[in-house]
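J.: For reference, the structure I am asking about is given below.
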Ligand code: FCB
């Protein structure tokens, strides 16, 4: 073999999320989510796109599982739509919602594909938003109840659970930057939301331990490499702040280190904590640090950071470097460094790459072939970085490519395509891309040539 081998038993998979692929938003008693509301609000998503139909996976899941089987993945990461299970957010269970995921799980298992289930990939029931959303502590409690319900229903067959996908996006991107549902621009609320996503995670881990014993449980955090624009002390300090804002604010508490003190000071100076850290109640930090079995890490890109106008902020610098279609720089070195840091600094016992992938627009050519060699190159480089991290001692258990299918890319609508499989949104026809064939070979050989 001329490539780099991965360890025996390494888990290869693909990832998706409910609202991005399912469609069928009114089927079988599903309630409204904040993404239904947000995407139907004029001006919030590119071209006014929404997930009403998406990939129609809710009806086409047998065909999609057949594609997974053809690809040869050992595991599939998907999310459960909270409003399908609990249309009112809490209380009355909608059995039809549970049945949908139960059938999906059974079919995956029939094909020898291990389900990796994410409980929250952003589709909060709208009723819970109306009663305060993630800035309200009660939402964390509602999330734990929901976790217990799904754990009870599927824990006999689903052995790998992820609580929250990307708390940074749930809180900062959605409540401070206003780019995702519910579209707020309120820093104090964003920091309260961040705390309650982490708290909800901790409580959910405890619920899952009760309701679904003998399962692996973890959280999924997103990471961006934060690289100073120059060697100057000011740029380096700014990059450290951006790292605090994006990465450390979430990783440190989960790893039991508490909120990073430098960032508490920065947020106070910025006026983001008018009432201090009063959302933290006694016992919360221990709950957030409830031991998990693994960390899920999502990685796509880096940011280059220069000093800002004050000593608590920063500026993003755009270099003239190679980017994917969504505008994210290709930076596999940051991936390698991240994996090393997650192990050597935080000592997470096991890590899964729960998302990594690339947006490129290629569709079928006249012969019906999708020649997405840039996606192949991106994946090859990042697989190689992961392999080197494993060789350096990082306990990486598996790798999920984002995404199986082209899908609804949130505020970017259907414009950005991350799939290994092309989706024609007029006909719902699926066409495996060249990257699908490439990934199939990597899985079969459990090795990659970098
Ligand atoms: C991540 C999300 C995922 C997808 C990718 C491109 O932030 O978790 O749903 O949108 O980015």
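FYI, it's all coordinate maths here, none of it is from the lab. Since we're looking at a predicted model, the values are computed, not measured. Heads up, the Cβs are rebuilt from the backbone with ideal geometry, glycines too, and the neighbour counts pull from every protein chain shown.
J.: Evaluate the relative contact order of the range 14-110 (contact order divided by residue number), counting alpha-carbon pairs under 8 angstrom at least 6 apart; express in whole percent.
T.: 37 percent
J.: Suppose R0 equals 22 Å; then what is the FRET efficiency for residue 63 and residue 369 from their Cβ-Cβ distance, rounded to the nearest 0.05?
T.: Computed FRET efficiency for residue 63 and residue 369: 0.65.
J.: Here's something else I'd like to know. For the residue pair residue 109 and residue 138, what label-to-label distance in nm results when each label sits 7 Å from Cα along the Cα-to-beta-carbon direction?
T.: 3.7 nm
J.: Calculate for the chain the 222 nm mean residue ellipticity that helices alone would give, adding -39,500 (n - 2.57) per DSSP H run of length 4 or more and normalising by residue count, nearest 500 deg cm²/dmol.
T.: Only helices count here, giving -11500 deg cm²/dmol.
J.: Between residue 47 and residue 262, with labels modelled 7 Å along Cα→Cβ, what's the label distance in nm to one decimal, could you check?
T.: Placing both labels 7 Å beyond Cα along the Cβ direction yields 4.3 nm.
J.: Where the centroid of each part is defined by its Cα atoms, how far is the range 195-253 from the range 266-304 in Å?
T.: 7 Å
J.: Compute the relative contact order of the range 3-449 as a whole-number percentage, counting only Cα pairs closer than 8 Å that sit 6 or more residues apart in sequence.
T.: 18 percent
J.: Okay, moving on. Would the range 3-449 count as rounded, prolate or oblate if I go by the C-alpha gyration tensor, calling it rounded below 1.5 in a/c and otherwise prolate when a/b exceeds b/c, oblate otherwise?
T.: It is rounded, given that a/c, with a ≥ b ≥ c, falls under 1.5.
J.: Order these by the 10 Å Cβ neighbour count, fewest first: 55, 215.
T.: 215, 55
J.: If you rank 139, 114 by fewest surrounding Cβ atoms within 10 Å, what's the result?
T.: 114, 139
J.: Still on this model: Just to confirm my numbers, what's the Cα centroid distance between the range 71-116 and the range 421-437 in Å?
T.: Computed from Cα coordinates, the inter-centre distance equals 23 Å.
J.: Using a/c under 1.5 as the rounded threshold, could you call the range 115-180 rounded, prolate or oblate? The axes a ≥ b ≥ c are square roots of the C-alpha gyration tensor eigenvalues, and prolate needs a/b larger than b/c, oblate otherwise.
T.: In terms of gyration-tensor shape, oblate.
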